[in-house]
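The values are calculated or read from the model by the stated rules, or taken from the named source; none is laboratory data. Quick caveat: nothing in here was measured; it's all calculated off a predicted structure. All Cβ positions, even for glycine, are placed from backbone atoms using ideal geometry, and neighbour counts span all protein chains on display.
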Amino acid sequence: MSSAPSSSSPSFPFKHDFNDSFETPLLAYTHLSPLITHLKSLKKNSNSNKHFKVYDPYYCRGTASLHITSLYSRNNDLTCINVNRDFYRDLEEGECPEFDFLVTNPPYSEDHKRRCLDAVRETLNTPYGYAVLMPEYVKEKSYYRDKLFQPISEDDESDKSTQMWVDFIILPSVVYDYVHFEGKGFSKSPFKSAWFCRVRGCDWESIYSGYASFDGVNILLGGGGRKRRKGPKKRKRGGGGEGGYGRNVRVNNEKGRRDAEVKRKEKIKETQPTPQINTNSKYRDGEGKRTKKRF
């Protein structure tokens, strides 16, 4: 369910910042493939309605709905709800639609990023969780880190085995380029983006294995420890900072490359001839080990 994109600038029933009118590129939604595919299969195997509903509460021009349905709807088994409404008013009045999973790219101006996270964690009933696209630096912010691994609602305590939440971040290896619907702004994004996700009641190993063979992204489990910010010279060069994340899991075939390098070195070692040792020397024993220091 969405409003069709218009060639002219739309009018909005809510306070709107011109600088927030950037569309999420199709590439960003493709990086949710292993996650949404798993959640859809989970819903199909349940006793509930098999139809999977995705909700994007922040409206720009309706392109989000077109991208998501084109990528993940098979035989009309998925609907994306993205309509031109005031999300915060709907939240206050209890008018938000029923849905299975929330996927959104909130405005970045003012305090929308924090308000979005507060809504999806504390107010909205998100059966399977959410994926929120925001600048990568949000992972260092207290409004994200202070509420990691917390139950979204009190009824989650009823069955911890199936309702335990898992927080993780999808870090793309490329910079997403956002396009303003009036052709304004930078041609290249000045920051890196990431999907901030929380899911429950699912097989995390299946999701992880799906990303293990998925090029172009890294997965960061949880929030881990704080990472010291890079200095200005390293930021300009693109170098790394010190510190790290305690539960960091890199996925973009790094392990495969490391294993291949280890095997390559082992193969070289096996093909090299064994050095000949002079066992007739009076300073060596029968196995060729030196019995007296040279100096």
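Is there any pair with a first residue in region 192-203 that is over 13 Å from I219 (Cβ atoms) and a second that is among the charged types (D, E, K, R) and in a strand (DSSP E or B) whose Cβ atoms are under 7 Å apart and which are 6 or more apart or on different chains, and what are they?
Note: pairs meeting the criteria are R198/D167.
Which of the residues spanning region 45-75 are free of Cβ contacts under 8 Å to residues at least 12 places away in the same chain and over 29 Å from S173 (Cβ atoms)?
N45, S46, N47, S48, N49, N75
Within region 190-215, which residues are closer than 20 Å to V103 by Cα, in a helix (DSSP H, G or I) and not hydroxyl-bearing (S, T, Y)?
Selection gives W204, I207, G210.
Looking at S11, is it at pLDDT 90 or above, surrounded by fewer than 16 Cβ atoms within 10 Å (Cβ to Cβ) and over 24 Å from E136 (Cα atoms)?
Numbers: at pLDDT 90 or above: no; surrounded by fewer than 16 Cβ atoms within 10 Å (Cβ to Cβ): yes; over 24 Å from E136 (Cα atoms): yes.
No: the conditions fail for S11.
Can you spot a residue in region 81-102 that is small (G, A, S) and either in contact with a Pro (Cβ under 7 Å, 6 or more places away or on another chain) or in a helix (DSSP H, G or I) (or both)? First the steps, then the outcome.
Narrowing region 81-102 to residues small (G, A, S): 94.
Applying the additional criterion that residues be either in contact with a Pro (Cβ under 7 Å, 6 or more places away or on another chain) or in a helix (DSSP H, G or I) (or both) yields none.
No, there is no match, as no residue in region 81-102 is small (G, A, S) and either in contact with a Pro (Cβ under 7 Å, 6 or more places away or on another chain) or in a helix (DSSP H, G or I) (or both).
Just to be sure, is R74 surrounded by fewer than 16 Cβ atoms within 10 Å (Cβ to Cβ) and either farther than 18 Å from R198 by Cβ or polar (S, T, N, Q) (or both)?
yes
In region 112-127, what count of residues is obtained for those that are surrounded by 15 or more Cβ atoms within 10 Å (Cβ to Cβ) and assigned to a loop (DSSP other than H, G, I, E, B)?
Residues in region 112-127 being surrounded by 15 or more Cβ atoms within 10 Å (Cβ to Cβ) and assigned to a loop (DSSP other than H, G, I, E, B): 3 in total.
Got a number for residues in region 103-114 being over 22 Å from S65 (Cα atoms) and out of contact with any Asp or Glu (no Cβ under 6 Å at 6 or more places or on another chain)? Show your work before the answer.
Of all residues in region 103-114, those over 22 Å from S65 (Cα atoms) come to 109-111, 114.
Next, only the ones that are out of contact with any Asp or Glu (no Cβ under 6 Å at 6 or more places or on another chain) stay: 110-111, 114.
Here the count works out to 3.
Considering (1) at pLDDT 85 or above; (2) more than 18 Å from the chain's Cα centre (by Cα); (3) part of a loop (DSSP other than H, G, I, E, B); (4) within 23 Å of R200 (Cα to Cα), say which one P106 fails and leave the rest.
Every listed condition holds for P106 apart from (2).
For region 133-157: of the residues being of a type in the set (A, V, I, L, M) and modelled with pLDDT of 90 or more, which is surrounded by the fewest Cβ atoms within 10 Å (Cβ to Cβ)?
As a first pass, look at region 133-157 and keep what is of a type in the set (A, V, I, L, M): 133-134, 138, 148, 152.
Within this subset, residues satisfying the condition of being modelled with pLDDT of 90 or more are 133-134, 138.
On the way: L133: 23, M134: 23, V138: 19.
Ranking the candidates gives V138 first.
For region 159-185, what are the residues that are modelled with pLDDT of 70 or more and touching a Pro at 6+ places or on another chain (Cβ under 8 Å)? Steps first, please.
Narrowing region 159-185 to residues modelled with pLDDT of 70 or more: 164-179.
W165, Y176, D177, Y178, V179, listed by residue number.
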